[in-house]
1. If I model a spin label at Phe44 and Ser76 as a point 7 Å from the Cα along the Cα→Cβ vector, what separation in nanometres do I get?
2. Can you grab the distance from the C-alpha centre of the range 61-93 to the C-alpha centre of the range 132-170, Å, no decimals?
Amino acid sequence: MFLLLTYDYLCRNKDNQNSKLMVIQRIQTLYLLLAAIVMILFLFVPFGYTEFTDNGVAVCDSWRAIDLIGLAVPVSASVFLTVVSIFLFKSLPTQKIVVIFALLLTLACVGVVIYFMVAGFIDTNPSVEMLKNTWGWGGILLLCAIALQLAAIRGINADKKLLASYDRIR
């Protein structure tokens, strides 16, 4: 609610006292912003849990992307590319290429998450015995980010078609 009121205040027409909201004309900007937010959340939300026993004591360990350098780097690069692509709205082909690279990095993150969850907790200590791996909410956040990036690519393609149709009319 606060964001809507702030947006309303910032977007008022100064000449007319009527409160008119500006419309975001490129929906892919919203998709890309949401994808970046979801990827940042993924850094801190556990994507899995490992239950194991250490000398007879049951322990539950959570897997978070921020704790694993092999996952934190591609997630951070994907967030960076997604945010950069928001500001490339004037060049739709370049924006699409940057979003595709961010999507590929996100897909690589999915592969790393699946590897960690399938490979499990590997320890050389013989007193540590793994019981099971369970999935956390972080995996769902990755899937949401992929869906939002695909929606942004679709919005970019729609804008390209719209601009091409305007060029034909001229």
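Bear in mind these aren't lab numbers, they're just calculated from the coordinates by the rules spelled out. All values reported here derive from a predicted model rather than from experimental measurement. When we count neighbours, we look across all protein chains shown, and the Cβ atoms used for this are built from the backbone with ideal geometry, even at glycine.
1. 1.6
2. Comparing the Cα centres of the range 61-93 and the range 132-170, I get a distance of 15 Å.
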